[in-house]
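Each value in this text was obtained by applying a stated rule to the coordinates, not by laboratory testing. These numbers were taken from a predicted model, which means no experiment stands behind them. Here Cβ is always computed from backbone atoms with ideal geometry, including for glycine, and neighbour counts include all displayed protein chains.
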Amino acid sequence: MNRRGFVGSLIGGSVLLASGAALSRSYTGGIDYRQLIPRVDPGLPAGRIQVVEVFWYGCPHCYTFEPLVNEWSRNLPEHVEFSHMPATFNDLWALHARVYYAAVELGVLEDVHQPFFDAIHAQGRNMRSESAILRFIDQRGLDADAFRDAMRSQTVSEAISEAGLLVQAFQVEGVPSMVVDGRAMVSAGMAGGHEGMLRVVDHLIKEYS
């Protein structure tokens, strides 16, 4: 879903099945992925590779992609560090990003991340206000007051600002997108679907390792 609205789709919902030809093909910068020049240095030790998935909780395509990327991430080489990063293209996206970073700050991401996705997409809950979010948190058996304080904290506000700068540096225009080692950005539109994204990312991990 792109930043220009909540209608339409940047990436479509179709997922391409892998074939022998697809698995053996080569990938080209500017076609299958976007090269980032200059590189956005991830600040990792030599030999480590960073992979970041840029997402929004309200994006149906991110919700569909989540189980695929989670399964894929379980089999990554030890030198690859995978993480999520919420995009902050408008006020609602930034509010949802506060949910993510507050959960990280309080050490409850596992209790919040997938259930928050499910609340929006499987249960149809309206999560467009802090009060609705805190009701959800309370219903999860978590401390809603502590979560509210974390959402409003300076630490989370700084994380939101940093995420906004990184999204620009990564040249991300829609979600889900993946960024490999600060050198390349991959979208489903470029890669031919969700599974195509993961194949391109696998290729780039090998190239940059």
List the residues, sorted by chain then number, that are 5 or more residues from residue 51 or on another chain and whose placed amide H is less than 5 Å from its amide H. 81, 82, 83, 181
So the angle from the long Cα axis of helix 60-73 to the longest Cα principal axis of the chain, reported in degrees to the nearest 10, equals 60
For segment 168-209, rounded, prolate or oblate, judged on the Cα gyration tensor with a ≥ b ≥ c (square roots of eigenvalues), a/c < 1.5 rounded, else prolate if a/b > b/c? oblate
Using Cβ contacts closer than 10 Å as the measure, can you line up 202, 138, 181 from fewest to most? 138, 202, 181
GNM, the chain, Cα, under 10 Å: largest mean-square fluctuation among 196, 174, 107? 107
Under a 10 Å cutoff between Cα atoms, tell me which one of 150, 102, 46 has the largest fluctuation in the Gaussian network model of the chain. 46
What FRET efficiency comes out for residue 123 versus residue 171 if R0 is 41 angstrom and r is the Cβ-Cβ distance? Round to the nearest 0.05. 0.75
Rounding to the nearest 10 and keeping the result within 0 to 90°, find how far the Cα-based axis of helix 109-121 lies from the longest principal axis of the chain. 90
Cα-based shape type of segment 109-180, given that a ≥ b ≥ c are square roots of the gyration tensor eigenvalues and the cut on a/c is 1.5: oblate
Under 1.5 on a/c is rounded, so check that first for segment 24-89, then, if it is not, pick prolate when a/b is larger than b/c and oblate when it is not; a ≥ b ≥ c are the square roots of the alpha carbon gyration tensor eigenvalues. rounded
Gain on full stretching of the segment that runs from residue 208 to residue 145 - 0.36 nm per residue minus C-alpha separation: 18.3 nm
Figure the gain on full extension for residue 39 and residue 78 (residue separation times 0.36 nm, minus the Cα-Cα span) and round it to one decimal in nm. 11.8 nm
Please check: in the Gaussian network model of the chain (C-alpha springs, under 10 Å), which one of 133, 31, 49 has the largest mean-square fluctuation. 31
